[in-house]
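Notes for the one structure printed next.
Quick note: the coordinates plus some simple rules give every number you see, no bench work behind them. Remember, it's a predicted structure, so these values are computed and weren't measured experimentally. Note that each Cβ is placed from the backbone with ideal geometry, even for glycine, and that neighbours are counted across all protein chains shown.
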Amino acid sequence: MTNIAIIGTGNVARTLAAGVARAGHDVVLGSRDPQNRKDLDHPVVTVAEAAAHGDIVVNATPGNAESIALLAAVRQHLAGKVLLDVTVALTPAMDLVHHGTSVGELLQQELPDTKVVKSLCTMDVSVMVRPGLLTSPGTVFLSGDDAGAKKRVGELLEDFGWPAASRLDLGGIATARGQEHFALLFVGVATALGAHVFNVEVVRAR
Ligand SMILES: NC(=O)c1ccc[n+]([C@@H]2O[C@H](COP(=O)([O-])OP(=O)(O)OC[C@H]3O[C@@H](n4cnc5c(N)ncnc54)[C@H](OP(=O)(O)O)[C@@H]3O)[C@@H](O)[C@H]2O)c1
């Protein structure tokens with residue numbers, strides 16, 4: 001069992017928390033306003049308390065400058081830890097907030113002592129924790145500078161139901177940019193299908 005802290009209390013944070021608990025791990029959520037988030041299924045504490053508690057910390061915030069600053073403010077609690085970043089920072093018009101970079105890269109710059117891993121952001125949240133909803137899981141991407149951190153995230157993905165063959169390590173954290181930019185294609189596919197519950201699969205030459 002691993003202590004997992006999820007920063008944020010929105011739809012993604014709650015769905016991930018349910019998946020983490022189903023997988024048998026301890027989960028807390030970190031909120032800017034924990035006093036007013038008491039109706040959730042899992043304990044809600046401050047962002048600092050959550051960051052201190054988690055062996056793996058998951059960023060499920062909007063990924064805008066304010067939420068990057070929120071994590072930077074608790075950097076002492078994140079030092080040496082794995083930060084799994086599932087964010088895509090989008091404007092209301094569905095444009096990317098951070099051009100020429102990514103939330104993953106910005107977080108790694110702000111948190112040099114933390115091992116940032118980007119994953120799960122290329123699919124609907126329901127699929128993140130239940131790839132079994134699909135006819136086959138498809139591909140889940142990982143980006144990060146630390147091989148050990150990606151291995152730990154890979155184990156968590158396995159717990160969610162992602163087999164090793166579905167996990168594709170893209171390389172360093174700079175490759176998070178491609179994952180986040182995929183959001184633009186995700187929106188197009190979802191519109192074409194009239195559905196959000198799908199995934200893409202990388203297939204190789206025969
Ligand atoms: N929905 C999906 O299927 C999906 C798929 C892939 C990626 N994502 C990404 O996952 C992230 C979370 O999505 P979501 O739909 O759960 O977002 P959301 O409903 O807006 O929730 C984000 C949470 O982050 C916290 N937060 C921290 N700093 C914040 C700030 N400056 N402004 C607003 N909230 C802040 C809030 O919790 P407190 O108020 O308690 O602090 C809030 O509940 C986003 O980056 C999104 O793009 C979503």
Can you list the residues, at least 5 places off or on another chain, whose amide H is less than 5 Å from the amide H of Val200, using H built in the peptide plane? Thr139
Can you work out ³J(HN,Hα) from phi for every residue in region 100-113, in order, using Karplus 6.51 cos²θ - 1.76 cosθ + 1.60 and θ = phi - 60°, giving whole Hz and x for Gly and Pro? x, 7, 8, 4, x, 5, 5, 5, 5, 5, 6, 10, x, 8
Ellipticity estimate at 222 nm from DSSP helix runs (n ≥ 4, -39,500 (n - 2.57)) divided over the chain, nearest 500: -10500 deg cm²/dmol
Scoring the chain by relative contact order with C-alpha pairs under 8 Å, at least six apart, yields a percentage of 18 percent
Residue-wise, which Karplus ³J(HN,Hα) couplings in Hz belong to region 79-88, taking 6.51 cos²θ - 1.76 cosθ + 1.60, θ = phi - 60°, and x for glycine or proline? 4, x, 9, 8, 10, 8, 9, 10, 7, 9
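Over region 75-193, what relative contact order in percent results from Cα pairs under 8 Å that are six or more residues apart?
Computed over region 75-193, the figure is 29 percent.
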For Val97, which sequence-distant residues (separation of 5 or more, or a different chain) have an amide H within less than 5 Å of its own amide H, given hydrogens modelled in the peptide plane? Ala89, Leu90, Thr91
Pseudo-spin-label distance Leu40 to His181, built 7 Å along Cα→Cβ, given in nm, is 3.3 nm
Pairwise over distinct Cα atoms, reciprocal of the mean inverse distance: report the Kirkwood radius of the chain in Å, one decimal place. 16.9 Å
Go through Thr46, Ala5, Thr175 and say which Cα lies farthest out towards the positive end of the charge dipole of the chain; charges sit on Cβ, +1 for Lys and Arg, -1 for Asp and Glu. Thr175
Taking a threshold of 23 Å on the Cα-Cα distance, which of the pairs Lys38/Lys151; Lys118/Lys151; Lys38/Lys115; Lys115/Lys151; Lys38/Lys150 fall above it? Lys38/Lys151; Lys38/Lys115; Lys38/Lys150
What do you get for trypsin sites (Lys or Arg not before Pro) in region 24-90 restricted to DSSP loop and a cutoff of at most 12 other Cβ within 10 Å of the site's Cβ? Lys38
